[in-house]
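J.: So that we are looking at the same thing, I have put the structure below in structure tokens.
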Amino acid sequence: MFDAVRDAEKDADYPEYRPPSNYNLPPLSDKDFALYSNSLNPLRASSKKRNLDSPPFASVKQHKVNQYKVTKYYNDRPDFGKDARRQSPIFNLKNFNNWIKSVLIASFARFNPPSTARVLDIGCGKGGDLNKWLRSNIDEYFGLDIAQVSINQANNRFNDMRNKPFKAHFNTLDCFKEPLDKAITQDSLDKQFDAVSCQFAMHYAFDSEQSVRCMLENVTKYLKPGGTFIGTIIDADVLVNALSEIDDQSNMEFGNSLFRIHFDKRPDENEIYGQKYNFHLEDAVDAPEYLIQWDSFTELAESYGLQLITYRPFQDIFYDQIHISEFKRLATYLNIIDDMGTPVLSNDEWGTVGIYVAFAFEKI
């Protein structure tokens with residue numbers, strides 16, 4: 001079902017653009033460091049085995065404190081109108097990220113009509129991705145989030161949509177701590193999902209192995225064989241490499257004018273869970289998050305029947321997919337490219353893009 005998009009012909013008259021080999025982001029110290037390198041293997045096959053039974057890094061009490069902070073942050077965050085959002089310092093960055101998510105959904109979660117497909121959106125927030133599902137030929141959408149205020153806003157957003165081709169259901173649930181049947185009826189779960197999406201949220205599960213296993217259980221238990229699990233995350237390797245480039249060992253903060261990453265302590269490669277940092281993104285996020293040790297996660301995910309399809313940095317996805325007519329038109333509509341097809345993001349916006357990756361798994 002993905003062939004039509006992934007194998008779409010590229011525009012013959014479209015010039016070939018190649019990303020620079022790296023982008024530099026200034027840390028708080030005076031030394032520049034290379035944040036991102038395009039020479040990385042897109043699938044990042046596991047190069048080392050880690051002990052999946054290692055104990056969590058943080059205490060249960062600290063987990064609850066961080067969980068409260070995250071929930072409170074999103075509940076307290078107002079829903080700005082369209083005009084106010086246009087004034088955001090990360091307006092172009094948000095549009096770029098929305099383009100990436102649209103490409104991801106179109107490539108790995110678009111279904112053949114008639115509309116029978118069902119989608120679960122874990123950490124759906126205020127429903128910002130609802131419009132992205134309009135062309136995926138889905139029949140039913142389930143949005144879950146830890147923040148009740150966000151769920152209310154998502155429900156209002158859906159009700160305000162015109163020509164809704166699918167049904168939508170919203171409920172509050174911490175999908176990394178609680179089972180789906182606390183928020184979705186068993187009858188609905190028994191019908192199974194064709195795709196599960198988790199956008200910019202999976203890092204919250206990595207406070208402990210128990211949370212990650214709860215998430216994987218929620219993703220896979222009711223996902224059809226052949227169904228997909230898609231998402232977007234911060235690349236832990238980029239953060240660790242950036243931190244390692246700072247000479248001052250007491251300085252554990254870096255970023256640019258748009259984002260800041262602050263670690264309480266230097267990451268330990270032997271620890272898989274609970275490696276906390278604070279992520280501040282202007283006009284978007286200011287909350288504790290956790291590193292996702294990707295090779296260990298893919299190994300664990302495989303034990304739940306998930307096979308990795310792709311794992312690609314945002315910058316790579318842009319240069320790979322901007323040639324496809326549908327995606328080029330969307331990029332033009334979102335004003336993230338100029339007439340020549342070059343991204344119009346500033347250096348700091350493009351540098352911020354460099355910390356993100358998208359992934360897709362298939363349930364075997």
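The values are calculated or read from the model by the stated rules, or taken from the named source; none is laboratory data. Computed from a predicted structure; not experimentally measured. Cβ placement follows ideal geometry from the backbone for every residue including glycine, while neighbour counts extend to all protein chains displayed. Accessible surface is based on the protein model in full, side chains and every heavy atom, while ligands, DNA and RNA are left aside. Shrake-Rupley method; radii C 1.70, N 1.55, O 1.52, S 1.80 Å.
J.: Residue check: is S88 within 20 Å of I324 (Cα to Cα), open to solvent by less than 20 Å² (accessible area, probe 1.4 Å) and either part of a loop (DSSP other than H, G, I, E, B) or touching a residue at least 40 places away in the same chain (Cβ under 8 Å) (or both)? Before the answer, list the steps.
T.: Details: within 20 Å of I324 (Cα to Cα): no; open to solvent by less than 20 Å² (accessible area, probe 1.4 Å): yes; either part of a loop (DSSP other than H, G, I, E, B) or touching a residue at least 40 places away in the same chain (Cβ under 8 Å) (or both): yes.
No, not satisfied.
J.: Inspect all residues belonging to region 257-264 and state whether any of them is outside any strand (DSSP E or B), surrounded by fewer than 19 Cβ atoms within 10 Å (Cβ to Cβ) and in contact with a strand residue (DSSP E or B) (Cβ under 8 Å, 6 or more places away or on another chain).
T.: Yes - at least one qualifying residue is present in region 257-264.
J.: Still on this model: Considering region 153-170 alone, what residues qualify as being in contact with a Phe, Trp or Tyr (Cβ under 8 Å, 6 or more places away or on another chain), modelled with pLDDT of 95 or more and surrounded by fewer than 21 Cβ atoms within 10 Å (Cβ to Cβ)?
T.: Across region 153-170, the qualifying residues are N155, F158, F166, K167, H169.
J.: If you check every pair at least six apart or on different chains, which have Cβ atoms under 6 Å apart with a residue in region 219-247 that is crowded, with 19+ Cβ neighbours inside 10 Å first and a residue that is among the charged types (D, E, K, R) second?
T.: L223/K363; G227/D194; G227/K363; T228/E362
J.: Residues in region 306-317: is at least one touching a His at 6+ places or on another chain (Cβ under 9 Å) and farther than 17 Å from W99 by Cβ? Even if it seems obvious, please write down each step before you answer.
T.: Initially, region 306-317 is screened for residues touching a His at 6+ places or on another chain (Cβ under 9 Å), giving none.
Looking for residues that are touching a His at 6+ places or on another chain (Cβ under 9 Å) and farther than 17 Å from W99 by Cβ, one finds none in region 306-317, hence no.
J.: Still on this structure: If you check K94, K132, K126, which single one turns out to be open to solvent by 10 Å² or more (accessible area, probe 1.4 Å), under 23 Å from L330 (Cβ atoms), in contact with an Asp or Glu (Cβ under 8 Å, 6 or more places away or on another chain) and at pLDDT 95 or above?
T.: Sole residue among the options that is open to solvent by 10 Å² or more (accessible area, probe 1.4 Å), under 23 Å from L330 (Cβ atoms), in contact with an Asp or Glu (Cβ under 8 Å, 6 or more places away or on another chain) and at pLDDT 95 or above: K126.
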